[in-house]
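Take a look at the structure set out below.
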Amino acid sequence: AQSVAQPEDQVNVAEGNPLTVKCTYSVSGNPYLFWYVQYPNRGLQFLLKYITGDNLVKGSYGFEAEFNKSQTSFHLKKPSALVSDSALYFCAVRAYRDYGNNRLAFGKGNQVVVIP
Amino acid sequence: DGGITQSPKYLFRKEGQNVTLSCEQNLNHDAMYWYRQDPGQGLRLIYYSQIVNDFQKGDIAEGYSVSREKKESFPLTVTSAQKNPTAFYLCASSIDPTNTGELFFGEGSRLTVL
C-alpha cells in the first residue's frame, strides 16, 4: 500500500526566506504525487501535482516541487515565503497502476509558520 | 460557481445519536470521497464512490455509512457505533476515478460529541 512521510511537524521560516516542506513516499511502481494546502477550518486546496515528465513541477501561488525518484521524495518549495503562506501542507501519493479509484494516501501534514 | 457544499459546518451530538453530514457537488464529477481529519494524523479515507449507486469502504469505515442515490450527493452518516466520532470531516470529488487530476474539497464539517 502507498504511504507518505512528512517528517517535520512544523516548519518556521522568516518572511522573504526560502521555504521547503519535505515529503517522502512509498508506492509500488510509478507514483502520482500531489501537494495540498489547508487554511484553518477550511477544506484542502490543490497546489500542484507530478504525473510524468519534468521533475520540477510548478504550481499555484509561486510554489514548486521537485520529484526525485532515487530518493523517493517530492519536496515543496517556494523561493520567498509570505506571511499568507502560513498554513497546513499535505503531501499525497497514489500508485500509477491504481486504476479505478484515484485513492490517495495523505501524509500527516506540516504546519508552516512564516514569521514577519 | 461550481463547487462542493458541506453542511452543517459545525454539529454537536450526544453520545448514542446518529448524525448525517451532507455533501453536494455541482461539478458533474463521478467520484466522491469522505475523509476524516484528526490533529497530527492527516486525512484518512472513510468511504468513496466511483459512480451512482456504488460505493466502497475506505480505511476506517467502521461506524459510518453512506449512500449515493444521486450523482451530486454523497451523505455520510456517523452512527452510534463509531467509538470516537469527534473530528473534522471532509468531502471531496474528482472528475472520474481513473483521473490523474486533483481532488476538490468542501469546507468541512466539524462534529463534536458531547
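Among residues of the stretch A:36-57 that are over 24 Å from B:Cys91 (Cα atoms), those with a beta-carbon under 9 Å from a residue that is open to solvent by 60 Å² or more (accessible area, probe 1.4 Å) at least six positions away or on a different chain give the pairs A:Thr52/A:Asn30; A:Thr52/A:Tyr96; A:Asn55/A:Glu66; A:Asn55/A:Lys69; A:Leu56/A:Glu66; A:Val57/A:Lys49; A:Val57/A:Glu66.
Here the stretch B:36-47 is the region considered, the condition is being within 8 Å of chain A (Cβ to nearest Cβ) and open to solvent by less than 20 Å² (accessible area, probe 1.4 Å), and the residue that is modelled with the lowest pLDDT is B:Gly42. Determine whether A:Lys77 is more than 14 Å from chain B (Cβ to nearest Cβ), in contact with a Ser or Thr (Cβ under 8 Å, 6 or more places away or on another chain), part of a strand (DSSP E or B) and on the phi < 0 side of the Ramachandran plot. Yes.
Restricted to the stretch A:2-35, and to residues there that are open to solvent by 10 Å² or more (accessible area, probe 1.4 Å) and aromatic (Phe, Trp, Tyr), the residue that is nearest to the other protein chains (Cβ to nearest Cβ) is A:Tyr32.
Looking only at the stretch A:36-46, how many residues end up being outside any loop (DSSP other than H, G, I, E, B) and facing chain B (nearest Cβ under 10 Å)? If you could, list the steps in order and put the result at the bottom.
Initial filter on the stretch A:36-46 (outside any loop (DSSP other than H, G, I, E, B)): A:36-38, A:44-46.
Filter again for facing chain B (nearest Cβ under 10 Å), leaving A:36, A:38, A:44-46.
Of the residues in the stretch A:36-46, 5 are outside any loop (DSSP other than H, G, I, E, B) and facing chain B (nearest Cβ under 10 Å).
Of the residues making up the stretch B:75-96, just one is open to solvent by 30 Å² or more (accessible area, probe 1.4 Å), within 14 Å of another protein chain (Cβ to nearest Cβ) and among the hydrophobic types (A, V, I, L, M, F, W, C), namely B:Ile95.
Filter the stretch A:47-63 down to the residues that are open to solvent by less than 40 Å² (accessible area, probe 1.4 Å) and either within 12 Å of chain B (Cβ to nearest Cβ) or not in a loop (DSSP other than H, G, I, E, B) (or both) and list them by number. Lay out the reasoning, then the answer.
Step one: filter the stretch A:47-63 for residues open to solvent by less than 40 Å² (accessible area, probe 1.4 Å), giving A:47-48, A:50, A:57, A:59, A:63.
A:Leu47, A:Leu48, A:Tyr50, A:Val57, A:Gly59, listed by residue number.
Considering the stretch A:64-79, and only residues there that are under 13 Å from the mean Cα position of the chain (by Cα) and more than 20 Å from A:Val27 (Cβ to Cβ), the residue that is surrounded by the most Cβ atoms within 10 Å (Cβ to Cβ) turns out to be A:Lys78.
Where in the stretch B:3-110 are the strands (runs of 3 or more DSSP E), entirely inside, with at least 2 residues that are without any contact (Cβ under 8 Å) to a residue 12 or more places away in the chain?
On the way: elements: B:4-7, B:10-13, B:19-25, B:31-38, B:42-51, B:54-57, B:64-66, B:76-78, B:87-94.
Where strands (runs of 3 or more DSSP E) fall fully within the stretch B:3-110 and carry at least 2 residues being without any contact (Cβ under 8 Å) to a residue 12 or more places away in the chain, they are B:54-57.
The set of residues in the stretch A:83-116 being in a loop (DSSP other than H, G, I, E, B), at pLDDT 90 or above, at negative phi and within 16 Å of the chain's Cα centre (by Cα) consists of A:Ser86, A:Gly107, A:Lys108.
The values are calculated or read from the model by the stated rules, or taken from the named source; none is laboratory data. Keep in mind it's a predicted model, so treat the numbers as computed, not measured. A quick note on method: Cβ atoms are made from the backbone with ideal geometry, for glycine too, and the neighbour counts reach across all protein chains shown. In case anyone asks, the SASA skips ligands and DNA or RNA and just uses the protein heavy atoms, side chains included. Shrake-Rupley method; radii C 1.70, N 1.55, O 1.52, S 1.80 Å.
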